[in-house]
Amino acid sequence: MQQFIDALRHDTTRLLTIRDLVDVLNAIPSNRWTGLITEGIAALAKELANKPMPVPDLVEWFAEWANDARSDQRALLLLTAHRSKGVEFDHVVILDGGWDRPSKGEDPDAPRRLFYVAMTRARRSLAIIAEGQHPFVPQGAEYVLRRAAPTVTDAVARPTALYQVPDLTTVDLSWAGRLKTGHRSLAAISAAKVGDPVHVLRDGPLWMMQDKQGQALGRMARSWSPPEGLRFLRGEVGAIVRWRKSDNREQYRVHLHRDVWEAVVPELVFG
């Protein structure tokens with residue numbers, strides 16, 4: 001989005017059509033994020049049709065659209081029943097496990113009330129999964145579907161993988177801002193693209209991100225560490241964000257050597 005907006009601002013006196021916006025976007029290397037901007041252009045096309053729009057108005061429109069799009073659900077969302085309070089979804093699946101056991105200090109009817117909260121999050125369809133008898137769903141009704149699960153013996157290895165999706169809280173966003181001009185990592189960050197492979201390596205008490213050439217791309221947050229009992233399988237550049245000196249607390253700004261910089265946010269897989 002930053003590249004897209006920078007290209008629009010190249011000449012703020014222009015009047016651009018939807019065709020012009022598509023040409024601007026096509027000049028940016030395609031990745032998982034450019035597809036979202038395509039959706040924004042399509043939404044704007046419904047409003048503009050063939051009419052042009054001034055660049056300052058376009059920048060403002062995409063800022064508002066991006067803010068709304070950030071809250072849209074675009075995939076499977078996994079969350080607890082407690083966290084689902086106050087929101088609704090078209091389709092809800094309630095997983096099995098623990099519905100008959102109140103938490104410590106709760107009254108015996110608390111699980112039933114929580115289950116009611118989970119059920120009422122659904123707007124269009126609700127599916128409840130249970131192994132055997134469910135404490136709150138009667139057996140034998142016409143809406144109950146039975147499926148036989150295949151038997152898996154203890155001798156069969158079941159590989160598991162833990163995915164850590166791009167998350168700003170897992171990285172030190174100010175790391176590149178503290179590097180002096182000419183540092184090799186700044187050039188490596190500038191050349192990095194979404195999807196490029198990355199590796200995480202311990203550097204004393206902290207963890208660093210490196211590209212395939214072994215050049216540091218960033219530092220993980222002090223609070224981050226690999227999942228216990230799992231080993232690093234692979235990683236890639238999940239996103240590249242633009243961070244500013246003004247985004248940091250005032251007491252830390254004295255250590256920053258630039259006003260704006262880019263920070264790599266990885267997607268990591270452990271198993």
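Read-outs throughout are calculated quantities, based only on the coordinates presented, and are distinct from any laboratory measurement. Just so it is clear, the model here is predicted, and its values are computed rather than measured. We place every Cβ from the backbone using ideal geometry, glycine too, and count neighbours over all the protein chains shown.
Counting 0.36 nm for each residue step from Ala49 to Ala110 and taking away their Cα separation leaves a gain of 16.6 nm.
The charge dipole of segment 2-70, taken about the Cα centre with unit charges on the Cβ atoms of Lys, Arg (+1) and Asp, Glu (-1), comes to about 140 debye, rounded to the nearest 20. With an a/c value of 1.5 or above and a/b not larger than b/c for the gyration tensor axes a ≥ b ≥ c computed over the alpha-carbon atoms, segment 74-149 is described as oblate.
Extending 7 Å from the Cα toward the beta-carbon at both Asp203 and Leu233 defines two label points whose distance is 2.7 nm. Relative to one another, the C-alpha centroids of segment 235-255 and segment 178-200 are positioned 14 Å apart. Among the GluC sites (Glu not before Pro) within segment 186-271, those in coil by DSSP and having at most 14 neighbouring Cβ atoms inside 10 Å are Glu228. Of all DSSP-defined beta bridges confined to the chain, some 85% are antiparallel rather than parallel.
Summarising the label geometry, the points placed 7 Å from Cα in the beta-carbon direction at Phe89 and Ile129 lie 1.2 nm from one another.
For Cα extents along the principal axes in Å, the value calculated from this model appears in [x] 53, 40, 31; [y] 68, 51, 32; [z] 68, 56, 40 under label [z]. Taking a ≥ b ≥ c as the square roots of the Cα gyration tensor eigenvalues, segment 162-270 comes out prolate, since a/c reaches at least 1.5 and a/b is larger than b/c. Charge dipole of the chain (Cα centre as origin; +1 on each Lys and Arg Cβ, -1 on each Asp and Glu Cβ, all else neutral): 560 debye, rounded to the nearest 20.
Within the shell of other residues whose beta carbon sits under 10 angstrom from the beta carbon of Leu58, the net charge comes to -1, with Lys and Arg scored +1 and Asp and Glu -1. For a paramagnetic label modelled at 7 Å from the Cα of Arg253 toward its Cβ, which residues of segment 147-176 fall within the zone defined by backbone nitrogen distances under 16 Å? Under cut-off, by backbone N: 174. Exposed loop positions in the chain were taken to be chymotrypsin sites (Phe, Trp or Tyr not before Pro) whose DSSP state is not H, G, I, E or B and which have at most 14 other beta-carbon atoms within 10 angstrom. Between these positions, the longest stretch is 1-135. Of the trypsin sites (Lys or Arg not before Pro) found in segment 160-232, those in coil by DSSP whose Cβ has at most 12 other Cβ atoms within 10 Å are Lys180, Lys193, Lys212, Arg222, Arg231. Here is the list for segment 73-139: trypsin sites (Lys or Arg not before Pro) lying in DSSP coil, each with at most 15 other C-beta atoms within 10 angstrom of its C-beta, are Arg74, Arg83, Lys85, Lys104. Between the residues Ala69, Leu233, Thr153, the greatest Cα displacement towards the positive end of the dipole of the chain, with unit charges on the Cβ of Lys, Arg, Asp and Glu, is found for Leu233.
Taking a ≥ b ≥ c as the square roots of the Cα gyration tensor eigenvalues, segment 2-70 comes out rounded, since a/c falls below 1.5.
Here's the picture: a label point sits 7 Å out from the Cα of Lys245 along the beta-carbon direction, and within segment 174-196 the residues with their amide nitrogen under 14 Å of it are 177-181. Shown is the FRET efficiency for Phe136 and Ala75, computed with R0 = 30 Å from the Cβ-Cβ distance and rounded to the nearest 0.05: 0.60.
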